[in-house]
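Working notes, structure below.
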Amino acid sequence: MSSHADNYGLPAAFTTIALFGASGQIGERILHALISNKRKDFKVIAFVPPGSESQVSKSVIIKTFDLKKVTQEQLTQDLKGVDAVVSALNGPALEAQAIIQDAAADAGVQRFYPSEYGFHQIYRKPNDPMGYIHPAWNMKALANERAVTHPAVRLGKMSFTMIGCGDFYNQDREKVWCPWTQSPRSVDRYTIHVIGDPDAEADYTHLDDFANFLVATLLEPAKSHNQFLNIVSDTTSHTQIAKLLEKYTSKKVEMDVLGEEKMHEIWDDPSKAPKKHTESAFPVDFWYLVKGIQGKGEFVRPKSQIHNELFSDLTYTPFEGYFKARFGSAEKL
């Protein structure tokens, strides 16, 4: 273990990693990045809900994690010898993050990764001086605030790494949010839903880019010691996405463009959303909020708050690279 002050007394790299939510959409990408990393053989302990064990690689240690039965004492025993805990929990499961961090502190874990992985926004109603935050983002914000002010962090016994990103654009489960994830053979045409200006740029992140970035912070923990970091794969507009999608699939792409007023309408009454817009894992008012903020050109971070260059060996996947890998060489050039 290094004794240099600029390394915070940390090891050159963390070795034993506990990953909570390893069978989820984000967790499974983090797990893959951990077990496929060529620089280091991580020892990975994957915590998953009962019944999802079969979704996890057999090359890791698998432990079930039942929200209704978990105790801090048992978790403390499970986390003995762990260097870093990564939370990839979401939704109601996020409530367990507090007890996980408490147990991690008791077990002597050096690093904690809260389940951030997003870009929180304030919603502002027309002619209303107040700002509002969606319950999904508020839940994350509350969990994040607790994580970075945890007594173990304040005492210097544990550090944190908070990683934000753009809109995850390659969510295969999201036919409405990410229509381009569907095979050209299964659609007559693609429809991209837009609220506001289709030429407004927004930040987007590829799930694998994010996971590789997270693993890089484990390989060089001094760089991510008590840091708020952000990783972005592409900054582009719906108009440019549509052009690239047509280029690489040879399918017609139409944009369903709604005015900004629709975001305000659905915020007030989500039941007014068309049924075709509700076929998402996310609440429809949240979906409208993200798209509306993107359409206002506000879903972008200053370049000084993007940390892609922190690790020189990483590469990132813009939309064109993703489309080329997914659909092959463009037929229309």
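The values are calculated or read from the model by the stated rules, or taken from the named source; none is laboratory data. Quick caveat: nothing in here was measured; it's all calculated off a predicted structure. Every residue, glycine among them, receives a Cβ derived from its backbone with ideal geometry; neighbour counts consider all protein chains shown.
Test residue 100 against the stated conditions and say whether it is part of a strand (DSSP E or B) and either over 17 Å from the mean Cα position of the chain (by Cα) or assigned by TED's automatic domain parsing to the domain that holds residue 287 (or both). The answer is no for residue 100. The residue pairs whose first member lies in segment 246-260 and is on the phi < 0 side of the Ramachandran plot, whose second member is acidic (Asp, Glu), and whose beta carbons are closer than 6 Å, counting only pairs six or more residues apart or on different chains, are 253/246.
Considered as a group, the residues in segment 94-113 that are within 17 Å of residue 69 (Cβ to Cβ) and of a type in the set (Gly, Ala, Ser) include one that is surrounded by the fewest Cβ atoms within 10 Å (Cβ to Cβ), and that residue is 98. Here is a check on your reading of the model: is residue 193 part of a strand (DSSP E or B) and either surrounded by fewer than 22 Cβ atoms within 10 Å (Cβ to Cβ) or free of Cβ contacts under 8 Å to residues at least 24 places away in the same chain (or both)? Taking the combined requirement at face value, the residue satisfies it.
Being part of a helix (DSSP H, G or I), within 29 Å of residue 214 (Cβ to Cβ) and of a type in the set (Ser, Thr, Tyr) is a description that applies to residue 248. Output the residues belonging to segment 56-77 that are touching a strand residue (DSSP E or B) at 6+ places or on another chain (Cβ under 6 Å) and either touching a residue at least 24 places away in the same chain (Cβ under 8 Å) or β-branched (Val, Ile, Thr) (or both). Across segment 56-77, the qualifying residues are 56, 60, 61, 62, 65. For segment 157-176, does any single residue satisfy the condition of being without any contact (Cβ under 8 Å) to a residue 24 or more places away in the chain, of a type in the set (Ser, Thr, Tyr) and either assigned to a loop (DSSP other than H, G, I, E, B) or out of contact with any Gly (no Cβ under 8 Å at 6 or more places or on another chain) (or both)? No, that holds for no residue. Scanning for something surrounded by fewer than 20 Cβ atoms within 10 Å (Cβ to Cβ), of a type in the set (S, T, N, Q), in contact (Cβ under 8 Å) with a residue 12 or more places away in the chain and in contact with a helix residue (DSSP H, G or I) (Cβ under 8 Å, 6 or more places away or on another chain), does segment 217-226 turn up at least one residue? Yes, segment 217-226 contains a residue that is surrounded by fewer than 20 Cβ atoms within 10 Å (Cβ to Cβ), of a type in the set (S, T, N, Q), in contact (Cβ under 8 Å) with a residue 12 or more places away in the chain and in contact with a helix residue (DSSP H, G or I) (Cβ under 8 Å, 6 or more places away or on another chain). Considering only residues that are surrounded by fewer than 19 Cβ atoms within 10 Å (Cβ to Cβ) and touching a Pro at 6+ places or on another chain (Cβ under 9 Å), look in segment 265-284 and name the one that is modelled with the highest pLDDT. So the residue we want is 270.
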